[in-house]
Structures are given as C-alpha cells and as structure tokens.
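FYI, it's all coordinate maths here, none of it is from the lab. No experiment lies behind these values; they were computed from the predicted model shown. Please note: Cβ atoms are built from the backbone with ideal geometry, for glycine as well, and neighbour counts cover all protein chains shown.
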Amino acid sequence: MILLRLFLTFLEIGAVSFGGGYGMLALMRERVLANGWMTEEQLLNFIAVSESTPGPIAVNMATFVGSSQGGIAGAALATLGVVLPSFVIILLIVAVIRNLLKYAGVQAFLSGVRPCVVALILATAATMGLRTLLGLSALSEAVEGGLSVSWRGLAILGILLAVHYVWKRLRGKKPAPIAMILLSAVLGMAAYAI
C-alpha cells in the first residue's frame, strides 16, 4: 500500500508541477508532510542533501523520500512517479508537435506559468529560511512568541555571504557553488557539533 501511495503521490507532483525541481518543492513539501512521511525538520535536511548531491533536486528528493518510506522499491517507484509525466510529455512533444513554441497560445500559457513558478520558488525559499534561521513554520508564530532564532544558522549564513562578497571583489567572479556547499557543510559540522 505504501509503495502505491508513494508512486501516485509523486506521479501527481510530477504531473501538476511546472518550473523544474525548485517549482516542485512547494507541492512536494505539502504532500510529504500531509502524508506524515517525515517532519518539517527532516524534510529540510532531505532538501539540503538533495541540493548538494548530483542530479535534479526533485528526482533526488523523490528518491530520498521513497527510500525512507519504502526502501529500494519505494525509491524506485517515487522516482519513476516524479519523472514519468515529464518524460511522456516530452515524448509527445517531440513525436507530434515539432514547432510547438511557434503557437501564440503556447507562448501565452508559458508566459502565464512563469510568474507562478517564481512565486512557488520564492515561497519555498522563504519557508525554508524562516524555519532554518528563525524556527518558524508560519509567520503567525512570530506574533504568538514562537520565535526561536538559530544564531548558529545566522552566523553560517553571514560567513557564507561574506566569503561570497570577498571572493567576488578579489577575483571578479562568484565562487563556485560546489565550494560554497562544501564550505557550508564544514561550517555546519563545526557549528552544530559544539
């Protein structure tokens, strides 16, 4: 039963999400928490691991969540569910409509979807930031006194921003993302092991 639920849940996420992996995170978060498959903190940890491992974040998240709930079979079915809709749609587009983007209706659809994707990505980033740095899962918690500032998280963010700024000023370009991820991992191990 859990395997079928994993497949159908991630199939739905893959079918109705636009904007790639980051666009999927909001819906993925909602479904994973609604099914009780993990806590908000566990999900944030999975997102961090998914972001820092090779491959698309949505596929990594589906694989990790599926694995945590149904082992190897769960990982395979969740991953299949999340990629299957895109795979089928791309096959249809390639096979049937070669010049799809020439149509005004398709361009209008994509122009309408873009702001929604940006909003979903920003909402997910804001939710993760509030939870990670301020211990809030909703803004209403701040009003009710549920503010729990993570000074270590804020210090790590400050150090990363400073390194980014100094590197850009000295080298004239942004630091490599993998270097920043590795630095944040080292800072996290140092800060949270204390």
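Laid out as a table, the results:
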item	result
Segment A185-L33, length gained on full extension (0.36 nm per residue, minus Cα span)	52.2 nm
Potential lengthening between L170 and I89 on full extension [0.36 nm per residue; Cα-Cα distance subtracted]	24.6 nm
Residue order, fewest to most beta carbons within 10 Å, for R29, R171	R171, R29
For segment 151-193: rounded, prolate or oblate by the Cα gyration tensor [a/c cutoff 1.5]	oblate
Cα-Cα separations in the chain greater than 32 Å, expressed as whole percent	27
Sequence of L33, L187 once ranked by neighbouring C-beta atoms within 10 Å, starting from the fewest	L33, L187
³J(HN,Hα) computed for each position of segment 27-42 - Karplus, 6.51 cos²θ - 1.76 cosθ + 1.60, integer Hz, glycine/proline x	5, 4, 4, 4, 5, 5, 5, 5, 7, x, 6, 6, 7, 4, 5, 4
Sites excluded, chymotrypsin sites (Phe, Trp or Tyr not before Pro) in DSSP loops with at most 14 other C-beta within 10 Å, longest stretch of the chain	104-194
Choice from L92, L120, L154 with maximal GNM fluctuation in the chain (Cα, 10 Å cutoff)	L92
